[in-house]
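**Q** Take this structure, written in structure tokens, and hold onto it; I'll ask about it next.
Derivation of every value follows stated rules applied to the coordinates shown; laboratory data play no part. A quick note: this is a predicted structure, and the numbers were derived from the prediction, not measured. Quick reminder, even Gly has a Cβ in these numbers, built from the backbone with ideal geometry, and neighbours come from all protein chains shown.
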Amino acid sequence: MNTKIKKILKKKNKSKIVCLTAYSKRIASILDKHCDIILVGDSLGSVLYNYKSTKEVTLKTMINHSKSVRLGVNKSIMIVDMPYNTYRNPKEALKNAKLVMKETKCDGVKLEGGKKIIPIVKNLVKNRIPVMGHVGILPQTDKKFTFKGKKQKESDRILNDTKLLEKAGVFSVVLECIEIKLSKQITEKVKIPTIGIGSSVNCDGQVLVIDDLIGMSESKFKFVKKYVDVSKIINIAVKKYKSEVQKKQFPKTKHSFKN
Ligand code: KIV
């Protein structure tokens, strides 16, 4: 495990871990100053490509975006989502995760799932690939996106899955849309940092999709907070540009070349 990851692990019970998604260099370089973890999430399928589900995201797409993100990341650790159907068994997962690590120079990969993926996680960790887990709502396979932990049986399963993932060697785990008391219980029961999305302040850190935070998406999820409306700013700039082009106010001589 690299020293940057070790530093993040030490934050548990001391200071909150800040994580955001990025899909390209420029945004990544802005986030890098503020984040501990930058995640190249397969959420890019819906955010950038308008896919109905993350199932459509390919390994090639993840690698291409991650290469761009890599150019903007220096300080933070960069984690890449392994897309759907690229880690169906230990052998396939190792082959694909090795490719992702080699091509993107990322610090680790993230996989969705609990008990079922334990042999896969173990094989990656054995081969020195840092793995981040992901429990709660699993966008790659869940049919319904309702919060988890309504029933005791479900809560027990998620807690057990997280403990199994910890034992298998994940360095951290994303908790997606997990009920408040359950996220507290999980965070207290495991030694690895929990990173929440829609899982309350009880987690060791938080993650959001950057486009949601800056107002560049149509996301209406309860757990999203829009901190700024960048689309409004773009609108103002483009309107002004259009008007200046139409009135021949742009470009001026200073924007032009003259012998
Ligand atoms: O794909 C993604 O962006 C994610 C985060 C939202 C946790 O998995």
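**Q** How high is the FRET efficiency between Leu138 and Lys95 when r is their beta carbon distance and R₀ equals 25 Å, given to the nearest 0.05?
**A** Given R0 = 25 Å and the Cβ-Cβ separation, E is 0.65.
**Q** Multiplying the sequence separation of Phe221 and Asp156 by 0.36 nm and subtracting their Cα-Cα distance, what value in nm do you get?
**A** 20.9 nm
**Q** Which of Cys177, Thr146, Leu94 sits farthest toward the positive end of the charge dipole of the chain, with +1 on the Cβ of Lys and Arg and -1 on the Cβ of Asp and Glu?
**A** Leu94
**Q** Here's a follow-up. Expected output is a single nm value to one decimal: the length gained when fully extending between Lys6 and Val238, i.e. 0.36 nm times separation in residues minus the C-alpha distance. What is it?
**A** 79.1 nm
**Q** Most mobile of Ile38, Ile236, Ile180 per a Gaussian network model of the chain (Cα springs, under 10 Å)?
**A** Ile236
**Q** Same structure again: Could you tell me whether the range 3-228 comes out rounded, prolate or oblate from its Cα gyration tensor? Rule is a ≥ b ≥ c as square roots of the eigenvalues, rounded for a/c under 1.5, then prolate if a/b exceeds b/c, otherwise oblate.
**A** It is rounded, given that a/c, with a ≥ b ≥ c, falls under 1.5.
**Q** What number, rounded to the nearest 500 deg cm²/dmol, is the helix-based mean residue ellipticity at 222 nm of the chain, given -39500 (n - 2.57) per DSSP H run of at least four residues and division by all its residues?
**A** -11500 deg cm²/dmol
**Q** Indicate, rounded to the nearest 5 percent, the antiparallel portion of the DSSP beta bridges found entirely in the chain.
**A** Percent antiparallel among DSSP bridges in the chain is about 5.
**Q** Mean-square fluctuation check for the chain, GNM, Cα pairs under 10 Å: which of Lys60, Lys105, Lys151 is largest?
**A** Lys151
**Q** So, in nm, how far is label Lys102 from label Ser231 when the simple model puts each one 7 Å beyond its Cα toward the Cβ?
**A** Going from the Lys102 label point to the Ser231 one covers 4.1 nm.
**Q** Go through the range 1-70 and name the chymotrypsin sites (Phe, Trp or Tyr not before Pro) that are in a DSSP coil and have 16 or fewer other Cβ atoms within 10 Å of their Cβ.
**A** Sites meeting the loop and neighbour criteria: Tyr49, Tyr51.
**Q** For the range 169-178, what does the Karplus curve 6.51 cos²θ - 1.76 cosθ + 1.60, with θ = phi - 60°, yield as ³J(HN,Hα) per residue in whole Hz, taken in order and with x for Gly and Pro?
**A** x, 5, 8, 6, 9, 7, 10, 9, 6, 10
**Q** Additional query: To the nearest 20 debye, what charge dipole does the chain have about its Cα centre, counting +1 at the Cβ of each Lys and Arg and -1 at the Cβ of each Asp and Glu?
**A** 540
**Q** Also: Find how many whole Å separate the alpha carbon centroid of the range 200-232 from the alpha carbon centroid of the range 84-126.
**A** First find each Cα centre; the distance between them is then 27 Å.
**Q** Using 1/(1 + (r/R0)^6) with R0 = 41 angstrom and r between the beta carbons of Gln246 and Lys55, what's the FRET efficiency to the nearest 0.05?
**A** 0.40
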